[in-house]
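Below is one structure, written out as structure tokens; comments come after it.
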Amino acid sequence: MGESIGRVILQGMLEDAWDKGVEQERRNTEKEREHAIVAFISFGIPKEKILEKGYTEEEYTKVKKKLLS
């Protein structure tokens, strides 16, 4: 019985670690996308071209607000 509880605890710990890793990867991806938008803006690439590359209006607006503040 103790082994079963140990497995359940270990499984829970592994799932938590997995979830934290997935969340960290998502945050890293968001930062990379924001940095790319900043670079595009600094090179004078128009908003329409940035959006055509697959970036969202929301991402663009968020970055633009940060740059203007």
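The values are calculated or read from the model by the stated rules, or taken from the named source; none is laboratory data. Everything numeric in this text was worked out from a predicted model, so none of it was measured. Don't worry about glycine lacking a Cβ; one is built from the backbone with ideal geometry, like all the others, and counts go over all protein chains shown.
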In the set 14, 51, 10, the lone residue that is without any contact (Cβ under 8 Å) to a residue 60 or more places away in the chain, closer than 30 Å to residue 65 by Cβ and surrounded by 10 or more Cβ atoms within 10 Å (Cβ to Cβ) is 51
Given the criterion in a loop (DSSP other than H, G, I, E, B) and either modelled with pLDDT of 95 or more or more than 18 Å from the chain's Cα centre (by Cα) (or both), identify the matching residue among 37, 45. 45
Using beta carbons and a limit of 8 Å, which pairs, at least six apart or on different chains, have the first residue in the range 20-43 and in contact (Cβ under 8 Å) with a residue 60 or more places away in the chain and the second one exposed (fewer than 10 other Cβ atoms within 10 Å of the Cβ)? none
Regarding residue 24, is this residue assigned to a helix (DSSP H, G or I) and under 17 Å from the mean Cα position of the chain (by Cα)? yes
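Residue under question is residue 60, and the condition is that it be of a type in the set (Phe, Trp, Tyr), modelled with pLDDT of 95 or more and in a helix (DSSP H, G or I); does it hold?
Numbers: of a type in the set (Phe, Trp, Tyr): yes; modelled with pLDDT of 95 or more: yes; in a helix (DSSP H, G or I): yes.
Considered against the rule, which asks whether it is of a type in the set (Phe, Trp, Tyr), modelled with pLDDT of 95 or more and in a helix (DSSP H, G or I), residue 60 comes out as yes.
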